[in-house]
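Since every read-out is calculated from the coordinates, none of them should be taken as a lab result. Computed from a predicted structure; not experimentally measured. Quick reminder, even Gly has a Cβ in these numbers, built from the backbone with ideal geometry, and neighbours come from all protein chains shown.
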Amino acid sequence: MNTRHWSVFTGLCGVAVFALSAIPSGAQATEVKEKPAMYSYVANWQIPRAHWAEMGAANGADKAILDKALADGTLVGYGNDVNMVHTPDGETHDDWWSSMSMAGLMKVLDQLLGNSTSPVLESATKHWDMVLVSHYYNWKPGPYTGAYVNVAMYQLKADAPDDAVSTLSKSVIVPAMEKLLADGTILEYEVDTEAIHTDAPGLVAIVYDTPQPEGVDTVRAAIRGSQKGNSLIGPAFDSFIDYSQHRDELLKGNGAYK
């Protein structure tokens, strides 16, 4: 789940057209509503290649804490990811956990910091954290292993309206993702913004997980097959998004949702 090419986002618009065209007209009229805030803490690590194998043991050491927090409702999800497409300055690994409150995030963070005994984290050449919030999300409950995590990050233009994220989510992203969630193509999706601003305001991250590598192709095929008829949606995105700041990530991860 990390945050996390405009052509890809235009493709997501295409997925929406594809999804909406496959939904009966009565279902299309269903109103997409904003959900209660879900907060996520993401710890990003740049680990030297020689120590990558040790990260599995480090994640295992925290599992009991995370499982307990998931069971008692402090968390609604947690996981860890390995970056599959490396960049000179980006993370190689991340750990994340999600809660319906900031207090839940902090309680788990305190426990993890108190439990931190793994020397592999001390080998990190870079480390940074993010605290995100989402009002548009859904998932299939249960654990998962080896899922492919797609993160598309965008920057809103300075003059984008205050409801830009809500408008994009309700009109395009949520209908598309709900269709793909229902048919099993994806396990989870969320539209994140920063709750604690450690970067310029306006960051938007669209995240979705696919359980099998074929899921990546399925989403992309839906994108390619539904570009036509997108003329009304594209201009709306053009007016909201600064394309020059767009970045994508493809990760592989394990985790669980309540």
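At a glance:
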| quantity | calculated |
| --- | --- |
| Pairwise FRET efficiency - Asp110 versus Ala61, Cβ, R0 = 22 Å, nearest 0.05 | 0.90 |
| Fully extended contour minus Cα-Cα distance, from Glu214 to Asp162, at 0.36 nm per residue | 15.1 nm |
| Potential lengthening between Met84 and Ala37 on full extension [0.36 nm per residue; Cα-Cα distance subtracted] | 14.0 nm |
| Label-point separation, Arg49 to Arg247 (7 Å along Cα→Cβ), nm | 2.1 nm |
| In range of the label at Val133: residues from region 180-216 whose backbone nitrogen is under 19 Å from the point 7 Å along Cα→Cβ | 190-207 |
| 3J(HN,Hα) from dihedral phi, region 128-142, Karplus parametrisation 6.51/-1.76/1.60, rounded to Hz, x for glycine, proline | 8, 10, 9, 10, 10, 9, 9, 10, 9, 6, 5, 7, 9, x, x |
| Selection from Ser118, Tyr144, Val108 lying farthest towards where the dipole of region 108-175 points positive, charges on Cβ | Tyr144 |
| Neighbour-count order for Glu190, Glu31, Glu91, Glu178, fewest beta carbons within 10 angstrom listed first | Glu31, Glu178, Glu91, Glu190 |
| Using distinct alpha-carbon pairs, which all enter the 1/r mean, Kirkwood radius of region 76-153 in Å | 14.8 Å |
| Share of pairwise Cα separations in region 39-104, more than 18 Å, in percent | 41 percent |
| Sites Ser118 and Lys170, calculated FRET efficiency, Cβ-Cβ separation with R0 51 Å, nearest 0.05 | 0.75 |
